[in-house]
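K.L.:
Structure incoming, see below.
The values are calculated or read from the model by the stated rules, or taken from the named source; none is laboratory data. Note that the coordinates shown come from a computational prediction; the quantities given were computed from them, not determined experimentally. Don't worry about glycine lacking a Cβ; one is built from the backbone with ideal geometry, like all the others, and counts go over all protein chains shown. Remember, those area values only see protein heavy atoms, side chains included, never the ligands or the DNA or RNA. Shrake-Rupley method; radii C 1.70, N 1.55, O 1.52, S 1.80 Å.
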Amino acid sequence: MSRSRFEDERRPLHSHAGRGPIAWGILLAIPLLTAACTESPAPREVATTVVFKHGKLFGDTTAFEGLLGQFEREHPGVRVRSESLPAASDAQHQFYAISLSARSAEFDVLALDVIWVAEFARAGWLRDLSALLPAAERAQFFSGPIEAVTWEGKPYALPWFMDAGVLYYRKDLLDKHGFVPPKTWPELARIAQAVRDKESGMHGFVWQGKQYEGLVCNALEYLWSNGGGAVDSDTIALNTAANREALAFVRSLLTSGVTPEFVTTLTEEPAREVFGRGAAVFLRNWPYAWQLFEQEGSAVRGKVGVSVLPHFPGQRSAATLGGWQLGVSKFSKHPQAAEQLVKFLTSSGAQRVLALAYGYNPPRHALYQDGELLAVQPHLRTLETVYAHARPRPVTPHYVRLSQILQAEFSAAVTGVKTPGEALASAQREARQRLP
Amino acid sequence: MRRDSAAFLAPAGVVLALVALLPMLLVVWLSLEQRSPLLGAARFIGFDNYLRLFGDVRFWNAFGNTVYFTAVSVALEILLGLAIALLLRHAFRGRALMYSVVLLPWAIPTVVSARLWEWMYNADYGVLNYLLGTSINWLGSPAWALNAAILMDVWKATPFVALLLLAGLQTIPRELYQAAAIDGASPWTMFRRITVPLLAPLILVVLIFRTIDAFRVFDAIYVLTGGGPANSTETLSIYAYKLLFQTLEFGYGSALAVSVLSCVGLLTIVYVRLLRRSGK
């Protein structure tokens, strides 16, 4: 889930401190700006301006602006204005929901978190993009992101770049003690325990256990890799034997000491920090962490391996899908030009540029065979396998509500306030009551 | 004369009506609607949101957390604040320095001090566990998290209480104590018979401020835990935030906001009654 990727400290573009003065500044500036807008007429030769709204995605925008420039050259008469929203995912969600429910035509193309597409499609705010995604084109993408953008059989957005949960492990320590990377969850627990017993000051396995969206991403991976899940043929099916067993295993990670108790305070960055200072054998995180482990000065540089997350015996691995998609607003005044822009930005060429410049992982298979890309980012080889197993969180228009219920109940199961059975039963009950 | 004062007050009245009264009435109106941008047009549903609220387990959990947070933190703040005020009343070397040190927590913005406490509470390498020689999962265990938030609130608000009470103490005439001493009263008797009764009105004022503040607690908990683990720190304001800003249930969220407002209103009325009685 890319939420905190954009909120984390590495991209502190909108600091929390000093929001007051900024807010006042904006308030004061609004009349000035609107006055300026009405007074200066648009340049005559430009027929169409497409506005592209997205969260703050890029530190250095050169490569991204280069892409937009290329699009303008290829489409004479169309200009693109790129406007960024606050980095916090909640703020973006709220902005889109409020503008679109007021049928705002202020923007044409929007970047959507993977969990919003069904919600916005059902509300009738997104254009059906079937024309951009014929069967042959659809086959170019991994199946997870395609599933995430599909609502009632039609695509309402195109995958732009993707993310999924991976397992990081300490290559050096596993070698030293004669282990190979684990294939199943019980193996992981055993290895973590064994290495921890022999190395001083080490934690076994850290992940994201705080009550927030990331916990849902983590927990679903256990449910899925035990043949369970949250939704079965469009109905909520939480209190199942497979799910209970999976959650009981998660709880046992804490009680056995494989995972430290404080995992219930960890989000992505604090978890990465524990592993990054060399204090844990295993870490579950998103692919972004790789580059940070390998950068100069990192305590674990050259000692880290990446692999597909383990699964329960006799089952298959699964990874929670994150990432961003591009959709076209139903209220756009220039739908054709907007669709062209979506097509261009999700094209193989554009995704390659973004992958090279920013390390964003493309949702198209073919790029994982790209020699130049692999030379710079060799871990893409492993990620290809991960992405083939990536699954979207429940594709429902009520995902945000469902997630709030799941966050609280999974947290109760992980901290041991409720047994897995109790937590799943009350999640099931709440979900049936609260989701319309 | 009267007309003049009305004219001078009018601008302030208009501004207050626009920025406080009007939005408040709007929220009350919203709370009677089923309204969410995702569901299309708003629908008037009367008191349905409030009925739903009464049957909402999560609401009662948040209500319980809020009451517990308010009661414990305000009680501790008053007791500690009073103790500090009594100490600071006496002249001693370095008193000026003490004033500033005591005030420091109150001067730091809540979000910043919450971040500081988050680090101190870190169960892996936090200074608190280091000093105590413990390995308590302060923010990650449902048994501790709300108490950890209370501790931070006490640390932050006690200076405010101490300062107000100190101001109150300084208005009590010295002669009263001197007379009592001549009559052979013990310090404890003097405290009970002179200090407490004369300070009572001020203590009530401080109670009003602190209770209202604590009841609406949001920023500290939002930074420390976000309402977790297992909703053990979800207060009414955190729940309202999640409804209004995350799931965008404007109608239901407004009903919750109005209920918080009513609770605070009720508390204020009770306190003001008490204040009047103690004034007589």
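K.L.:
Positive end of the dipole of the range B:57-279, charges at C-beta (+1 Lys, Arg; -1 Asp, Glu), about the Cα centre: which of B:Ala200, B:Trp138, B:Gln246 has its Cα farthest in that direction?
P.N.:
B:Ala200
K.L.:
What FRET efficiency, computed as 1/(1 + (r/R0)^6) with R0 = 45 Å and r the Cβ-Cβ distance, is obtained for A:Glu74 and B:Ala41, rounded to the nearest 0.05?
P.N.:
Working: r = 41 Å, r/R0 = 0.92.
Rounded to the nearest 0.05, the efficiency is 0.65.
K.L.:
Still on this model: With every protein chain present, what is the per residue accessible area of chain B (1.4 Å probe, Å²)? Mind dumping the intermediate values first?
P.N.:
On the way: 15170 Å² over 280 residues.
In whole numbers, chain B has 54 Å² accessible per residue.
K.L.:
Could you check the spin-label model distance between B:Ala10 and A:Thr184? Points 7 Å from the Cα along Cα→Cβ, value in nm.
P.N.:
Modelled inter-label distance: 8.3 nm.
K.L.:
Still on this structure, please answer the following. Please compute the average number of Cβ atoms from other chains found within 10 Å of each residue's Cβ in peptide A:202-214. Each step should come with its number before you reach the end.
P.N.:
Numbers: counts 0, 1, 0, 0, 1, 0, 0, 3, 6, 13, 4, 1, 0.
Partner-chain Cβ atoms within 10 Å, mean over residues of A:202-214: 2.
K.L.:
Turning to a different aspect of this structure: Give me, ordered by chain and number, the residues 5 or more places off A:Gly322 or on other chains with an amide H under 5 Å from its own placed amide H.
P.N.:
HN-HN under 5 Å from A:Gly322: A:Asp163, A:Ala164.
K.L.:
Now for a different question. Counting only other chains, and only Cβ atoms inside 10 Å, what mean value do you get across the residues of B:245-257?
P.N.:
Numbers: counts 5, 9, 9, 9, 3, 1, 0, 1, 0, 0, 0, 0, 0.
Mean inter-chain Cβ contacts per residue within 10 Å come to 3.
K.L.:
Mind checking which lysines have their C-alpha under 24 Å from A:Lys210, skipping anything on the same chain fewer than 8 residues away?
P.N.:
Correct list for A:Lys210: A:Lys418, B:Lys242.
K.L.:
On the accessible surface of the protein assembly as shown, probed at 1.4 Å, how many percent belong to carbon and sulfur atoms? List each step's numbers first, then the result.
P.N.:
Working: 20300 of 32730 Å².
Carbon and sulfur: 62 percent of the exposed surface of the protein assembly as shown.
K.L.:
Can you give me the long-range amide H partners of A:Lys330? Hydrogens built in the peptide plane at 1.01 Å from N, cutoff under 5 Å, separation of 5 or more residues or another chain.
P.N.:
A:Leu126, A:Arg127
K.L.:
Something else: Work out the length of the dipole vector of the range B:57-279 about its Cα centre, built from +1 on the beta-carbon of each Lys and Arg and -1 on the beta-carbon of each Asp and Glu, and round it to the nearest 20 debye. Don't skip to the answer; put the middle values down first.
P.N.:
Working: 15 positive and 10 negative charges, 136 e Å.
Its charge dipole is roughly 660 debye.
K.L.:
Residue by residue through A:414-423, how many Cβ atoms from other chains fall within 10 Å of the Cβ on average?
P.N.:
Values: counts 4, 10, 4, 7, 1, 0, 0, 0, 0, 1.
Whole-number average of other-chain Cβ neighbours for A:414-423 is 3.
K.L.:
Given the options A:Glu296, A:Glu213, A:Glu268, which has the most mean-square fluctuation in a GNM of chain A, springs set between C-alpha atoms less than 10 angstrom apart?
P.N.:
A:Glu296
K.L.:
Once label points are set 7 Å from the Cα along Cα→Cβ at both A:Asp197 and B:Ala96, what is their separation, rounded to one decimal in nm?
P.N.:
Reported label-point gap for A:Asp197 and B:Ala96 is 6.5 nm.
K.L.:
Just how large is the dipole of the range B:113-188 about the Cα centre, in debye to the nearest 20, putting +1 at every Lys and Arg Cβ and -1 at every Asp and Glu Cβ? Intermediate results must be reported in sequence, preceding the final value.
P.N.:
Values: 3 positive and 5 negative charges, 22 e Å.
The calculated dipole for the range B:113-188 is roughly 100 debye.
K.L.:
Nearest 100 Å², what total accessible surface is buried between chain A and chain B (probe 1.4 Å)? All intermediate terms of the calculation are to be shown ahead of the outcome.
P.N.:
On the way: alone 18800 and 16420 Å², together 32730 Å².
Roughly 2500 Å² of accessible surface disappears when A and B pair.
K.L.:
Now for a different question. Collect residues whose amide H, placed 1.01 Å from N in the peptide plane, falls under 5 Å from the amide H of A:Leu112; neighbours closer than 5 in sequence don't count.
P.N.:
Amide H to amide H, under 5 Å and 5 or more residues apart or across chains, A:Leu112 pairs with A:Gln325, A:Leu326, A:Gly327.
K.L.:
Still on this structure, I have one more. Roughly how big is the protein assembly as shown's charge dipole about its Cα centre, with Cβ charges of +1 (Lys, Arg) and -1 (Asp, Glu), in debye to the nearest 20?
P.N.:
1580
K.L.:
Considering the options B:Ala7, B:Leu267, B:Val101, tell which one lies farthest towards the positive end of the dipole of chain B, charges being +1 on Lys and Arg and -1 on Asp and Glu at the Cβ, about the Cα centre.
P.N.:
B:Ala7
K.L.:
Would you mind putting B:136-143, A:228-235 in packing order, based on average other-beta-carbon counts within 10 Å, highest first? Could the numbers behind the result be given before it?
P.N.:
Details: B:136-143: 22.1, A:228-235: 14.2.
By packing density, highest mean first, the sequence is B:136-143, A:228-235.
K.L.:
Normalised by the number of residues in chain A, what is the relative contact order in percent for Cα pairs under 8 Å and 6+ residues apart? Working shown, then result.
P.N.:
Values: 751 pairs, mean separation 107.5, N = 436.
Relative contact order comes out at 25 percent.
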